[in-house]
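Here is the structure we will look at.
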Amino acid sequence: MSVKKACRGALIVLEGCDRVGKTTQAKLLVESLKNNGKPAQLMNFPDRTTAIGKMLDQYLKQSQELDDHAVHLLFSANRWECVSSMEKLLQEGTTLVVDRYSDSGIAFSAAKGLPVSWCAASDSGLPRPDLVLFLTLGGTELSSRGGYGQERYEEDSFQQRVMRNYNELKRDYWNVVNADEKSVEQLHSELLPLVTSAVAAAEDKPLLTLDW
Ligand code: NYM
């Protein structure tokens, strides 16, 4: 009797500038996937619960200063410390919906003036996303969103540099979605079909690694 190997889950990443709505959309996507019978789990980077994540939390809340190179490597290490659990979940068939990942690491650190190639090197070999949903918003709409300005980097000229860097990083597995003037529900109904197709397409494909 042949036993069918479990299909793997997909690695879905949401990217974009601060306050664009990634976190809300990531949660809704996990709920919808589960409602449709697909095992799914939410993850977010930085994962502020680990020892490294706690240092990053203090840095982002501006209660600790760190060298730009050192903080970049901490963000990267915060992803690496999750790789074995991510790979296990994906291989068991759970789709991971991840709120920020490697592209955030590069786009934000490069906005401080670090070379893109240097920023990318520490993430080489991480699991490669099957789909990156890149959410965009007009600049003024971004800064008027609740909570904007409370953490490090939440400042318009910095966010514009981040946006320019993101545009340089686009790959063929990216999907750019304009979130301007869309309700949470409208945006969700635009994203869900993209995620559903990526989940179906990933089932029989091997998990690749980032080759920056
Ligand atoms: N951030 C996030 C980085 O600078 N590098 C990274 O590798 C990651 C994952 O952390 N402004 C920045 C982007 C955000 C901040 O993210 C916190 P969030 O999604 O607001 O918790």
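The values are calculated or read from the model by the stated rules, or taken from the named source; none is laboratory data. Note that the structure is predicted; figures quoted are calculated from it, not measured. Virtual Cβ from ideal backbone geometry, glycine too; neighbours counted across all protein chains shown. To get the accessible areas, we keep the full protein, side chains included, count just its heavy atoms, and leave off ligands, DNA and RNA. Shrake-Rupley method; radii C 1.70, N 1.55, O 1.52, S 1.80 Å.
Side notes on the structure shown:
- Scanning region 78-110 for residues that are in a helix (DSSP H, G or I), in contact (Cβ under 8 Å) with a residue 24 or more places away in the chain and either buried (at least 24 other Cβ atoms within 10 Å of the Cβ) or of a type outside the set (A, V, I, L, M, F, W, C) (or both) gives ASN78, ARG79, GLU87, GLN91, SER102, ASP103, SER104, GLY105, ILE106, ALA107, PHE108, SER109.
- For first residues located in region 150-161 and more than 14 Å from ASP57 (Cα to Cα) and open to solvent by less than 40 Å² (accessible area, probe 1.4 Å), partners that are of a type outside the set (Lys, Arg) and not in a helix (DSSP H, G or I) and lie 6+ apart or on another chain with Cβ distances below 6 Å form the pairs GLU154/ASP18; GLU154/TYR148; PHE158/ALA111; GLN159/CYS17.
- Cβ-Cβ contacts under 8 Å between residues 6 or more apart (or on different chains), taken from a first residue in region 57-72 that is at pLDDT 95 or above to a second residue that is charged (D, E, K, R) and more than 12 Å from the ligand (Cβ to nearest atom), are listed as TYR59/GLU65.
- Check on GLY113, open to solvent by 20 Å² or more (accessible area, probe 1.4 Å), of a type outside the set (Ser, Thr, Tyr), at positive phi and free of Cβ contacts under 8 Å to residues at least 12 places away in the same chain: no
- Subset of region 1-51 (residues that are of a type in the set (Lys, Arg), at pLDDT 95 or above and more than 20 Å from GLU190 (Cα to Cα)): ARG8, ARG48
- Qualifying residue in region 55-65 (condition: under 17 Å from the mean Cα position of the chain (by Cα), within 13 Å of the ligand (Cβ to nearest atom) and buried (at least 21 other Cβ atoms within 10 Å of the Cβ)): yes
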